[in-house]
Amino acid sequence: MKSILLVLAGALLISSCSKENNDSPAVVDLGYNYFPTDSGMIRYYSADSTYWDANNNGQLGNVTFEIKEVISGTFYDAQNRLTTRIERYRKDQNGNWIIWKVLADNRTSTTAERSIDNVRYIKLVFPTKSGASWNGNSFNTNDAQEYQITDENIADVVNGNTYDKTLVVLQNDYLDAIHQEYATEKYADGVGMIYQRNKNINTLPTTSGFIITGGYDYTETLISYTKTP
């Protein structure tokens with residue numbers, strides 16, 4: 001009887017150890033997929049730029065165009081960091097894609113950075129979490145600017161496209177009697193940026209409200225994207 005109990009105890013111990021060894025640790029989603037760096041990925045955007053000419057009594061103008069953004073490869077930057085090359089094209093009046101800007105992305109374990117015209121911004125911080133805030137200008141000489149994740153991991157529809165997981169970053173929200181600033185970006189899991197708006201206008205108060213004397217209101221909205229297998 002005693003030997004049978006010992007055999008049963010040993011069997012239970014082996015089973016318990018086997019179960020512990022087979023249980024894989026839970027995978028923690030840090031949010032890296034909101035800022036993909038896959039070479040060959042192409043994103044297509046529609047851009048709308050409304051502007052008020054400060055040198056011409058705030059005359060209103062508007063320009064719309066299409067953008068193709070290509071993750072074209074990698075290189076090592078001046079800090080010897082593996083960096084993603086981003087090529088942005090604008091479609092001309094004849095339907096041809098013309099190179100417009102070359103940007104650089106760096107995704108580290110804690111930050112998603114983008115260099116635009118040699119100015120580096122911290123677009124996201126990891127792990128992504130609603131309420132997280134940081135100085136988006138930490139790596140450049142501009143004034144400090146607080147960025148904040150206001151929504152995370154929520155389903156959304158943008159330009160008719162449905163995304164299961166999106167994240168919103170509020171970059172600027174300032175208003176006084178003579179100036180308005182607003183900037184935000186929206187990201188989708190596995191896709192990257194799907195929407196951005198950057199508004200910066202000067203205003204003149206009047207008895208009936210205010211008039212816009214200069215500035216711009218710029219938006220980009222994702223149309224579609226492709227991935228190379």
Comparing L124, L167, L60, which has the greatest mean-square fluctuation in the GNM of the chain with Cα pairs linked when under 10 Å apart? L60
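Between K101 and D77, what length in nm is gained on full extension when 0.36 nm per residue of separation is reduced by their alpha carbon distance?
Values: separation 24, 0.36 × 24 = 8.64 nm, distance 1.73 nm.
In short, 6.9 nm is gained.
Using Cα-Cα distances under 8 Å and only pairs 6 or more residues apart, what relative contact order does segment 126-176 have, in percent? Walk me through the intermediate numbers first.
Details: 81 pairs, mean separation 15.6, N = 51.
Relative CO of segment 126-176 lands at 31 percent.
Dipole magnitude of the chain about its Cα centre, charges +1 at Lys/Arg Cβ and -1 at Asp/Glu Cβ only, in debye to the nearest 20?
Numbers: 20 positive and 27 negative charges, 144 e Å.
So the magnitude is around 700 debye.
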Kindly provide log₁₀ I(q)/I(0) values, in the same order as q = 0.16 Å⁻¹, from the Debye equation applied to equal alpha-carbon scatterers of segment 63-109. -0.51
Distance between modelled label sites at T110 and A47, nm, 7 Å Cα→Cβ extension: 3.3 nm
Based on the Cβ-Cβ distance from I223 to L175, what FRET efficiency comes out when R0 is 45 Å, to the nearest 0.05? 0.90
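With a 1.4 Å probe and every protein chain left in place, work out the accessible area per residue of the chain in Å², rounded to a whole number.
Numbers: 13630 Å² over 229 residues.
About 60 Å² of surface per residue is accessible.
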Angle between the Cα long axis of helix 2-22 and the longest principal axis of the chain, 0 to 90 degrees, nearest 10? 20 degrees
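Expressed as a whole percentage, what fraction of the accessible surface of the chain belongs to carbon and sulfur atoms when a 1.4 Å probe is rolled over the protein heavy atoms? Intermediate values should be presented prior to the final figure.
Values: 6960 of 13630 Å².
Answer for the chain: carbon and sulfur cover 51 percent of the accessible area.
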Computed, not fitted: 222 nm per-residue ellipticity of the chain from DSSP H runs ≥ 4 (each -39500 (n - 2.57)), nearest 500, equal to -3000 deg cm²/dmol
Over all alpha-carbon pairs of the chain, lay out the pair-distance distribution in 10 Å bins, whole %, shortest bin first. 7, 24, 30, 18, 8, 5, 4, 3, 1, 0, 0
Among the chymotrypsin sites (Phe, Trp or Tyr not before Pro) in segment 125-195, which ones are in a DSSP loop with at most 16 other Cβ atoms within 10 Å of the Cβ? Mind listing them? F139
Cross-chain or 8 or more residues apart, Cα under 24 Å: how many lysine pairs in the chain fit that? Count them up, please. 25
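So what is the relative contact order for the chain, in percent, with contacts set as C-alpha pairs under 8 Å and at least six apart?
It comes to 19 percent, rounded to a whole number.
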Any idea how far the Cα center of segment 153-176 sits from the one of segment 72-114, in Å? 22 Å
Stokes-Einstein D (µm²/s) once Rh is taken as the Kirkwood radius of segment 44-168 over alpha-carbon pairs, at 4 °C in 1.567 mPa s: 75 µm²/s
Estimated D of segment 122-229 in µm² per second, where Rh is the Kirkwood radius over Cα pairs and Stokes-Einstein applies at 4 °C, 1.567 mPa s: 83 µm²/s
With the label point 7 Å along the Cα-to-beta-carbon line of N135 and a cut-off under 17 Å to each amide N, the hits in segment 160-204 are 171-172
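The values are calculated or read from the model by the stated rules, or taken from the named source; none is laboratory data. What you see is a predicted model, and the numbers here were worked out from it, not measured in a lab. Don't worry about glycine lacking a Cβ; one is built from the backbone with ideal geometry, like all the others, and counts go over all protein chains shown. We work out accessible area using only protein heavy atoms, side chains counted, and drop any ligands, DNA or RNA first. Shrake-Rupley method; radii C 1.70, N 1.55, O 1.52, S 1.80 Å.
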